[in-house]
Amino acid sequence: MSRTDRSDRTESPDNSGSRGSRRSRDRAARRAARPRTAFRAKVFLGVVLACAAAAAAAPLVSGGSADSPAARADDASRAGAQAGSAPENGRGKKAGDEDEWDGKTEVLGDGSTSYTGPQPGQLKPERLEPGEKPPQFVVFSWDGALQGDDKLFSRFRQVAKESDAHMTLFLTGIYLLPESKRQLYKPPRHATGASAISYPTPQHIRDTLDQLGKAWTEGNEIGSHFNGHFCGTKGGGDWSSAEWTSEIDQAVSFVKKWKTNTGFTDLPPLPFDPDREFTGGRAPCLEGQKTLLPAAKGAGWRYDASSAGDFQIWPAKKNGVWDFPLQLLPWPQGDFQVLSMDFNLLYNQSDGSTDGDPAQWATWRQQAQDAYKNGFERVYNGSRAPLFIGNHFEEWNGGIYMDAVENVMRDVCPREGVRCVSFRELADWMDAQDPAVLAQLRNLDPAQEPLWKSIVR
């Protein structure tokens, strides 16, 4: 198991930089026929409260200036290479589909994006040898992926770089769309330009573009968190597959046309082609996966991270698409489990408030860190099922969840046998395995360490 050519790497739950919170529903899909843990799952509706808080959040406050974007895209801009328009519907070439790269940068469409070759530093997927113990995969993902005034996007780029980790950044499409152009967004079942979250300021669009280019060059994945973050009535759970297709197409379009939509002429193109880059996403509030999956498959996406939750078991496909759900983790000193996302931990601690009792912050920080570590240790010393941790670039309860995630990333990613990867890298690895071996792995309980030679043959 190796990474090749790794370059140095340094979700406002979709808050557009505001301090709004975001829903993360803690519904667990239990397997009644085969209990998988001695813990009792404790289910909350924290996702509903989080989205409601975010929808009422204050708009962004303009931040500082952006640094220079990724070097390869900058070179592309100076070269002024000409290219044909990329497909407009999110159904272009995907990673692995391209012909052998000729080494020349191709600027795409209106100059918002470019193709600069295969992404640097990606995990090389290798089939397990007979008797080999699987790597312990850990995926840190972020909903929204906006660089706000708190600079959390850039902070975690640096943490990932120092921890030998890749991450998945689920970009909200309207975070590249100025509010003055909101009429370009036509959300399903809502008025033109409507959104449950704030539109970004021009400065935050600039800062986010800068971070996206750098993050991709450092090996991190850019996925989709769609656009308006609609939940509940008339939200994703009510949408048809055709409506999800429209939402996907618009999310991709906002990335491909940010120069036209913003009028920015002094920034280089993003160093990736979104038709190749977008291979999966996470639905707001974890709603609507049933009708989203056909749309995702139609767009050529390879995975979906919108499942409302499951035990720590090896993933399987739904409708031909890898299902990467949030997971139930053992709560410290408790007889229940919580979903592996920051807001669900918060819901257990401050009853959904993002500004709870400061006297408890140190205790809560340790609890959050221990919950993540409990989940990690259970599978690292057991079934080696991948661990999925979902986050938002938010300073809830004094930023304790950001501190907890950083501490866990720095602790576990450098460990022997651990690979902190993006969802796309994990999908690549899963696709390289023997289906019969994966079926055997899925029969393992989270803490069950088998005789590997009896599983991997």
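The values are calculated or read from the model by the stated rules, or taken from the named source; none is laboratory data. None of these values were measured; they are calculated from a predicted model. Here Cβ is always computed from backbone atoms with ideal geometry, including for glycine, and neighbour counts include all displayed protein chains. Ligands, DNA and RNA are stripped out before the accessible areas are found, and what is left, the full protein with its side chains, is counted by its heavy atoms. Shrake-Rupley method; radii C 1.70, N 1.55, O 1.52, S 1.80 Å.
Would you point out which residue out of 183, 211 is more than 24 Å from residue 139 (Cβ to Cβ) and not β-branched (Val, Ile, Thr)?
183
Provide a single number: the residues in segment 153-208 that are of a type in the set (Val, Ile, Thr) and over 20 Å from residue 264 (Cβ atoms).
4
Taking segment 155-175 as the region of interest, how many residues are open to solvent by 10 Å² or more (accessible area, probe 1.4 Å) and touching a helix residue (DSSP H, G or I) at 6+ places or on another chain (Cβ under 6 Å)?
Selection size over segment 155-175: 1.
Conditions tested, residue by residue: (1) among the charged types (D, E, K, R); (2) under 22 Å from residue 156 (Cα atoms); (3) open to solvent by 10 Å² or more (accessible area, probe 1.4 Å).
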{"site": "201", "(1), (2), (3)": "no, yes, yes"}
{"site": "204", "(1), (2), (3)": "no, yes, no"}
{"site": "207", "(1), (2), (3)": "yes, yes, no"}
{"site": "219", "(1), (2), (3)": "no, yes, no"}
{"site": "224", "(1), (2), (3)": "no, yes, no"}
{"site": "228", "(1), (2), (3)": "no, no, no"}
{"site": "236", "(1), (2), (3)": "no, no, no"}
{"site": "248", "(1), (2), (3)": "no, no, no"}
{"site": "251", "(1), (2), (3)": "no, no, no"}
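Would you be able to tell me the number of residues in segment 337-355 that are open to solvent by 10 Å² or more (accessible area, probe 1.4 Å) and either more than 23 Å from the chain's Cα centre (by Cα) or modelled with pLDDT under 95 (or both)?
8
Could you tell me whether residue 300 is in contact with an Asp or Glu (Cβ under 8 Å, 6 or more places away or on another chain), at pLDDT 95 or above and open to solvent by 10 Å² or more (accessible area, probe 1.4 Å)?
No.
Quick grid of which residues meet (1) in contact with a Ser or Thr (Cβ under 6 Å, 6 or more places away or on another chain); (2) open to solvent by 10 Å² or more (accessible area, probe 1.4 Å); (3) within 28 Å of residue 118 (Cα to Cα):
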| site | (1), (2), (3) |
| --- | --- |
| 255 | no, no, yes |
| 268 | yes, yes, yes |
| 272 | no, no, yes |
| 306 | no, no, yes |
| 335 | no, yes, no |
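Being open to solvent by 40 Å² or more (accessible area, probe 1.4 Å), part of a helix (DSSP H, G or I) and of a type outside the set (Gly, Ala, Ser) is the filter here, so list the residues in segment 418-457 that pass it.
Within segment 418-457, 428, 431, 435, 440, 453 meet the criteria.
Would you check which residues across segment 395-417 are open to solvent by 10 Å² or more (accessible area, probe 1.4 Å), under 17 Å from residue 380 (Cβ atoms) and under 20 Å from the mean Cα position of the chain (by Cα) and list them?
407, 410
Return a yes/no flag: does segment 146-166 have any residue that is over 18 Å from the mean Cα position of the chain (by Cα), farther than 23 Å from residue 303 by Cβ, at pLDDT 95 or above and aliphatic (A, V, I, L, M).
No - not one qualifying residue is present in segment 146-166.
Could you give every pair whose Cβ atoms fall below 7 Å, whose first residue belongs to segment 433-457 and is under 18 Å from residue 324 (Cβ atoms), and whose second residue is open to solvent by 50 Å² or more (accessible area, probe 1.4 Å) and at pLDDT 95 or above, counting only separations of at least 6 or pairs across chains?
433/127
If you check residue 359 against the conditions, is it buried (at least 17 other Cβ atoms within 10 Å of the Cβ) and farther than 26 Å from residue 123 by Cβ?
In short, no.
Out of 322, 314, report the one residue that is in a loop (DSSP other than H, G, I, E, B), surrounded by fewer than 24 Cβ atoms within 10 Å (Cβ to Cβ) and in contact with a helix residue (DSSP H, G or I) (Cβ under 6 Å, 6 or more places away or on another chain).
Exactly one residue qualifies, and that residue is 314.
Which of the residues that make up segment 374-393 are open to solvent by less than 10 Å² (accessible area, probe 1.4 Å) and in a helix (DSSP H, G or I)?
The answer is 375, 376, 379.
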